[in-house]
Amino acid sequence: MTRSRWHTATSALVLAWLTAAGVTAALHRQVPASGWLMVHLLLLGAVTTSILVWTQHFSVAVLHVRGSDSRRGEATRLIVANLGALAVITGVVAGVPSLVAGGAIAVTAAVAAHVGSLTGHLRASLPSRFGVTVRTYIAAGVLLIPGVALGVALARGDWDDATYDRLTLAHATLAVLGWVFLPIMGTLVTLWPTMLRTRLEPGAERRARMALPVLVVGILVVTTAAASGLDRLGAAGVATLLLGGWLMTEPMVATVRRRRPES
């Protein structure tokens, strides 16, 4: 399959999830669990599919490894992840816990295989100054796995309100800050100067390498604080995240000061 046909096919998957989310939003009064459904059609369906596709694409690009040999494996991972997401959503709406658990296992397996593929790219490639971008993708995949487990635990429904709220916040932290935020930050390290048609700031990749473990620790601390209800620990986690975010974005700010967008 050519690159253009591949991205057309994967974009159609994303569009299908977005369309389902849009229809659910329009008919939310008639749809059971519409709030939960809209969020998960968007994040578990559309966003997860996009992340699986584009983190693979950018990894191949920045590491200069051959991507064609892994296309069949990538397609398998996408199929498993999408079927798993569909099973989770159907299971929650229909109230079938076994379907939720089976779908979650499928999503976890697809993400774990994706992490394995990215790790293999790192090992097979020559040392690259942009390897930190791929490492953010790997960290994001690892963080999503306990996030999925928390989602399955929440779907069982036998929690008191306070515990349910804490677990929901922990689940959202791993899903949004871990699975979504980290890949965006890692991609911008290399994509931001490319978009501005300028060179990478000196030391930007070094700052990104410093920032990644700080961000991961911050996400884990915030998740732990959310699950346990410890506000002071949560504040420490947020401070750690802000530090990591500053380390990674300061070179981006310097880049835009030097070369402002022209279009």
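The values are calculated or read from the model by the stated rules, or taken from the named source; none is laboratory data. The model shown is predicted, which means the values in this text are computed figures rather than measured ones. Note: ideal-geometry Cβ built from the backbone for every residue, glycine included; neighbour counts use all protein chains shown. Surface accessibility is based on the protein's heavy atoms, side chains included, excluding ligands, DNA and RNA. Shrake-Rupley method; radii C 1.70, N 1.55, O 1.52, S 1.80 Å.
Among the residues of the range 58-85, those identified as in a helix (DSSP H, G or I) and either touching a Phe, Trp or Tyr at 6+ places or on another chain (Cβ under 6 Å) or without any contact (Cβ under 8 Å) to a residue 40 or more places away in the chain (or both) are A61, V62, S68, D69, R72, A75, T76, I79, V80, A81, L83, G84.
The combined condition, being touching a Pro at 6+ places or on another chain (Cβ under 9 Å), on the phi < 0 side of the Ramachandran plot and surrounded by 16 or more Cβ atoms within 10 Å (Cβ to Cβ), is fulfilled by A208. Checking each residue in the range 117-165 for being among the aromatic types (F, W, Y) and part of a helix (DSSP H, G or I) picks out Y137, Y164. Remark: A25 falls outside the filter, which requires a residue to be surrounded by fewer than 17 Cβ atoms within 10 Å (Cβ to Cβ), in a helix (DSSP H, G or I) and free of Cβ contacts under 8 Å to residues at least 12 places away in the same chain.
Per-residue answers, yes or no, for (1) more than 21 Å from L174 (Cα to Cα); (2) open to solvent by 30 Å² or more (accessible area, probe 1.4 Å); (3) among the basic types (K, R); (4) at pLDDT 95 or above:
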| residue | (1), (2), (3), (4) |
| --- | --- |
| R5 | yes, yes, yes, no |
| A9 | yes, yes, no, no |
| P32 | yes, yes, no, no |
| L43 | no, yes, no, yes |
| A61 | yes, yes, no, no |
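Annotation note: Cβ proximity below 7 Å between a residue of the range 150-170 that is of a type in the set (V, I, T) and a residue that is loosely packed, with under 14 Cβ neighbours inside 10 Å and part of a helix (DSSP H, G or I) (sequence gap 6+ or interchain) occurs for no pair.
For (1) surrounded by fewer than 21 Cβ atoms within 10 Å (Cβ to Cβ); (2) within 20 Å of W17 (Cα to Cα), each residue gets a yes or a no:
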| site | (1), (2) |
| --- | --- |
| R71 | yes, no |
| I79 | yes, yes |
| A85 | no, yes |
| G91 | yes, yes |
| A94 | yes, yes |
| P97 | yes, no |
| G116 | yes, no |
| A124 | yes, no |
| S128 | yes, no |
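Against the conditions (1) touching a Phe, Trp or Tyr at 6+ places or on another chain (Cβ under 9 Å); (2) crowded, with 22+ Cβ neighbours inside 10 Å; (3) within 15 Å of L43 (Cβ to Cβ); (4) among the hydrophobic types (A, V, I, L, M, F, W, C), V107 satisfies every one except (1).
Take A226 and tell me if it is open to solvent by less than 20 Å² (accessible area, probe 1.4 Å) and under 18 Å from the mean Cα position of the chain (by Cα). Spell out how you get there, then give the answer.
Numbers: open to solvent by less than 20 Å² (accessible area, probe 1.4 Å): yes; under 18 Å from the mean Cα position of the chain (by Cα): no.
Taking the combined requirement at face value, the residue does not satisfy it.
Quick check, is T55 assigned to a helix (DSSP H, G or I), exposed (fewer than 14 other Cβ atoms within 10 Å of the Cβ) and at pLDDT 90 or above? For T55, the condition - assigned to a helix (DSSP H, G or I), exposed (fewer than 14 other Cβ atoms within 10 Å of the Cβ) and at pLDDT 90 or above - is not met.
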